[in-house]
1. Out of all the residues in segment 1-36, which are more than 12 Å from L69 (Cα to Cα) and β-branched (V, I, T)?
2. Would you check if G49 is assigned to a loop (DSSP other than H, G, I, E, B) and out of contact with any Phe, Trp or Tyr (no Cβ under 6 Å at 6 or more places or on another chain)?
3. State whether one or more residues within segment 38-46 are assigned by TED's automatic domain parsing to the domain that holds I62, over 19 Å from E63 (Cα atoms) and modelled with pLDDT of 90 or more.
4. Kindly evaluate Q143 against the criterion of being on the phi < 0 side of the Ramachandran plot and either in the same structural domain as G49 (by TED's automatic domain parsing) or within 12 Å of the chain's Cα centre (by Cα) (or both).
5. Would you be able to say whether some residue in segment 123-131 is touching a Lys or Arg at 6+ places or on another chain (Cβ under 6 Å), in a loop (DSSP other than H, G, I, E, B) and either touching a residue at least 12 places away in the same chain (Cβ under 8 Å) or not aliphatic (A, V, I, L, M) (or both)?
6. Could you look through segment 168-208, keep only residues that are over 24 Å from A148 (Cα atoms) and among the charged types (D, E, K, R), and pick out the one that is modelled with the highest pLDDT?
Amino acid sequence: LDKAGFDQMPPTLKRYLFRASVERLLGSAKDIEMRHIEEMMSLATKPAGKRLSLPGGLTFSIEYNRYLLTSDPAALSPLPPLKGEFQLNIPGETRLPGWRVEAAIIKREEMSDEEGDFTAYLDLGKSGHKLLVRPRRRGDRFQPLGLAQTKKLGEFMIDAKIPQAWRGRIPIVCSQEQILWVVGWRLDERAKVSQDTKQVLHLKFEPD
């Protein structure tokens, strides 16, 4: 449900839409009591990230621009599931579940301004050749590009308004010492290309 439009509706219509949505997903609303609808109404006033478990295996969650009612929130993520660690071939191609990663070593003059969110340029002298891709971990920190200090990865994801169901699927490119790139969102300040960069590592993630 679109959050902006839904919030403008009268309470009676909101309750009707909640019940109708449950019935559409489950085929029946017989297990949904009035208290469940009222809990959904109450949760809809809360900030993004809150969620409620409902009968029938449904989850009602608050995202930044919508209300989501589903039996599998992660299934709506555009990112494929990611588990484990994967060593990158540098230079070369690496295949991991749902992704194909291309790595090339280029000169700074060969960099392009027309790349998308799933492409990054890193200072090879700072990143090194031994890089891996993994999902986030508890306690992860990095220094987002443009910031003078490190930040908890979880806090960054909240501030970047990344839906909760997506966060565990985002590829994280790391060296042995630190996070270098939160793929699709932000490079680490310490890995950026500068005037002193001699070799550039060009990484590109593509759906496989």
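1. Those that are more than 12 Å from L69 (Cα to Cα) and β-branched (V, I, T): T12, I32.
2. Criteria met by G49.
3. No.
4. Taking the combined requirement at face value, the residue does not satisfy it.
5. So far as segment 123-131 goes, no, none of its residues is touching a Lys or Arg at 6+ places or on another chain (Cβ under 6 Å), in a loop (DSSP other than H, G, I, E, B) and either touching a residue at least 12 places away in the same chain (Cβ under 8 Å) or not aliphatic (A, V, I, L, M) (or both).
6. The qualifying residue modelled with the highest pLDDT is K204.
The values are calculated or read from the model by the stated rules, or taken from the named source; none is laboratory data. Values in this document were obtained by computation on a predicted structure and should not be read as measured data. Ideal geometry is used to build each Cβ from the backbone, glycine not excepted, and the neighbour counts take in all protein chains shown.
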